[in-house]
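The values are calculated or read from the model by the stated rules, or taken from the named source; none is laboratory data. Just so it is clear, the structure is predicted and the values come from calculations on it, not from any experiment. Reconstructed Cβ throughout: ideal geometry from the backbone, glycine too, with neighbour counts over all protein chains shown.
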Amino acid sequence: MRVFWLLVAAVIGGVAVWQVRPWLAQRNSTTIVAEPRSIAPAGDLAADEKATIELFERSKGSVVFITTTQRVLDLRSRNVMQIPRGAGSGFIWDADGHVITNNHVVMGAAGAKVRLNDGRDYDARLIGVSPAHDIAVLRIAVSERRPAALPIGTSADLKVGQKVFAIGNPFGLDWSLTTGVVSALDRALPAEDDRTIIEHLIQTDAAINPGNSGGPLLDSSGRLIGINTAIFSPSGAYAGVGFAVPVDTVNRVVPQLVAKGKYTRPVLGVEIDEQLSQQSAAGSGVKGVAVAKVTAGTPAAAAGLVPGDLIVAFDGKPVTSAAQLVNRLDEHKVGDTVRLTVQRDGKEVELTATLKAGV
């Protein structure tokens, strides 16, 4: 990162002329004695300052600095080299050395290094990713002085206005703390795969910048409540609107990534006709997703769904698009029984389906 010192210059005829300081005092032969000023006694820190300091000191050892590399071909030597690609943040998940970060931090990288707060560097192995949730799991082999995992909180009970704390490495400035509040809840953004939508995102005004990606968002108890993942900014830098993947999503997705290297959503077993869905909304005013096909042997078939049905709610929550239906499924696990509210021949029908694992 380059730091620019701002200097004042006058421009005459296109030539910069540095101004002489005519106000510089003229020294005489009198000896001047100058001493440093005495230090005023410090008052006691405020209770919230003490709490913030204690939270940072307790949590920073669980936050890591991640740097990635990429392979390039040297056209002169024809050798393949590894060069720096990018940087981000992450945090320790468990005692086995699993590290959580964003998928976009490691996507396309040939390798990654993880630096702990005490300065130790480790080569990381990629364990699994879920692009639809922008979550990736790495693993490092730490044989001694293993950093503690962050305590896990919940995100379903968050309130707008409560304090939050972000720790990360913005612009490579490692282990930086920023504070703010929960600005809004249940925001949605397109995922990295451009096919799904990440829902239930936490919006915060805690300063989040490039390099903060993958770092933890904490509540005032120091519990993990989200992964800092994105910002909304016309300039690409902090503008007071940041987003974090909620910890309830993280706690559902990460165990599957650790165990299987991928996240498997439960499936319903239908194909959706988006054009028919739009026609229904325009014609009758009923918003939902139109069923184009039901696969035999799936939960949808067992529930009695048929082509032409319009799914308008999933477990009592409205469904207005295929992406939203996928996210409603993502809120459940394999084996859950769910209620489907369907419009069929102008009447509302309630069906139940027991979800199965996708292929």
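Some points to look at:
- Test: residue in the range 265-274 that is part of a helix (DSSP H, G or I), under 30 Å from Leu305 (Cβ atoms), free of Cβ contacts under 8 Å to residues at least 60 places away in the same chain and outside the structural domain of Thr154 (by TED's automatic domain parsing): yes
- Of all residues in the range 275-296, none are buried (at least 18 other Cβ atoms within 10 Å of the Cβ), modelled with pLDDT of 85 or more and within 23 Å of Thr154 (Cβ to Cβ).
- From the options Ala110, Ala166, Ala136, residue that is surrounded by fewer than 23 Cβ atoms within 10 Å (Cβ to Cβ) and hydrophobic (A, V, I, L, M, F, W, C): Ala110
- Of the residues in the range 337-356, none is crowded, with 18+ Cβ neighbours inside 10 Å, under 35 Å from the mean Cα position of the chain (by Cα) and in a helix (DSSP H, G or I).
- Verdict on Thr249 being surrounded by 15 or more Cβ atoms within 10 Å (Cβ to Cβ) and assigned to a strand (DSSP E or B): no
- Selection status of Gly283, among the small types (Gly, Ala, Ser), free of Cβ contacts under 8 Å to residues at least 40 places away in the same chain and out of contact with any Asp or Glu (no Cβ under 9 Å at 6 or more places or on another chain): yes
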